[in-house]
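To start, the structure under review is shown below, and the notes come after it.
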Amino acid sequence: MGRCCQLVMGPAGSGKSTYCKVIQEHCDTIKRCVNVVNLDPAAESFEYRVAFDIRELVSLDDVMGELEYGPNGGLVYCMEYLLENIDWLKDELDNYEDDEYIIFDCPGQVELYSHIPVMREILDHLKLWGYNVCGVYLLDALAISDPSKIISGTLLSLSAMVQLELPHINVMTKCDLADLSQLSSFLSEDRTSMAAYVADAPHSFPRAKRLTDAIVSVIDDFTMVSFVPLDITDEESIALVLAHADQNIQYGEDLEPKEPRDEEEADMLQEESGESNSHADDNYADWAMGT
């Protein structure tokens, strides 16, 4: 089967490392092999098991110290350095079997996914090596209380979708901390228009209504930006997000089944698989309506 991986993106503080941690823990529970790779040269510590780390090749602290770059320029330099030494990444990935799922924890600098081509070129190499890649863009659910934040976050997600040209899902993180009434209104299946949501928001922009209408019309015209909610305290929510990513890259369609150790384990695996996949649509509807 083709190798599969997720590219986890999003603004700083959107919960990328936490997402990687909970997906890895969930996969441990269902006996599925997932390896998390750190591609953030500015990372300091991790709560997940790191398969390998870009800081073994280059780190932001070293670049800032030796070249006297600032944080943003240093981060761009680090990613360009990775691209120049892309064989290092291939050698590290070659240590893993074809059926081992890879999750890349990426930097939070949004320019890398909008107009700087470095991430797109790294993705081209992954595809050349036979990887099926799914883009996972995270947005903080606390942003839905402010129209400016939700508009800018959605535009950044749309920009990444257009720039990277990947099978893509958008994930609304920190749903366990957000106002459930606002969240259910935003995610409701009968509220598909960004313009309608912004117009009803308590802090809309009366002075910039024409500009706001023009921006949200772009979002609505693309009809590509929708969000899957993630509550890290809810196993069904975690399984739902993983099921959406798997479906986008067709993970498991040609995966050869492994022999279970006994009938009890086989029954357990079948039950877990049914819970995480067959009820994905029902779970999403429940989340969207806030039930």
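Just so you know, all these numbers are worked out from the coordinates, no wet-lab data involved. Since the structure is predicted, the reported quantities are computational estimates derived from the model, not experimental observations. Using ideal geometry, Cβ is built from the backbone for each residue, glycine included, and neighbour counts are taken over all protein chains shown.
Using the structure shown, decide if residue 48 is touching a residue at least 60 places away in the same chain (Cβ under 8 Å) and out of contact with any Pro (no Cβ under 6 Å at 6 or more places or on another chain).
No: the conditions fail for residue 48.
Can you name every one of the strands (runs of 3 or more DSSP E) wholly within the range 11-105 that holds 3 or more residues which are under 17 Å from residue 123 (Cβ atoms) and not acidic (Asp, Glu)?
So the answer is 101-105.
Looking only at the range 60-85, filter to residues that are of a type in the set (A, V, I, L, M, F, W, C) and free of Cβ contacts under 8 Å to residues at least 24 places away in the same chain; which one of those is surrounded by the fewest Cβ atoms within 10 Å (Cβ to Cβ)?
Here the answer is 67.
Regarding residue 127, is this residue within 19 Å of residue 3 (Cβ to Cβ), among the basic types (Lys, Arg) and surrounded by fewer than 20 Cβ atoms within 10 Å (Cβ to Cβ)?
Considered against the rule, which asks whether it is within 19 Å of residue 3 (Cβ to Cβ), among the basic types (Lys, Arg) and surrounded by fewer than 20 Cβ atoms within 10 Å (Cβ to Cβ), residue 127 comes out as yes.
Any chance you could count how many residues in the range 86-111 are touching a residue at least 24 places away in the same chain (Cβ under 8 Å) and either among the basic types (Lys, Arg) or within 19 Å of residue 59 (Cβ to Cβ) (or both)?
11
List the number of the failed condition for residue 114; all other conditions in (1) surrounded by 16 or more Cβ atoms within 10 Å (Cβ to Cβ); (2) free of Cβ contacts under 8 Å to residues at least 12 places away in the same chain hold.
(2)
Which count do you get for residues in the range 17-33 that are buried (at least 22 other Cβ atoms within 10 Å of the Cβ) and over 14 Å from residue 235 (Cβ atoms)?
Going through the range 17-33 one residue at a time, the tally reaches 2.
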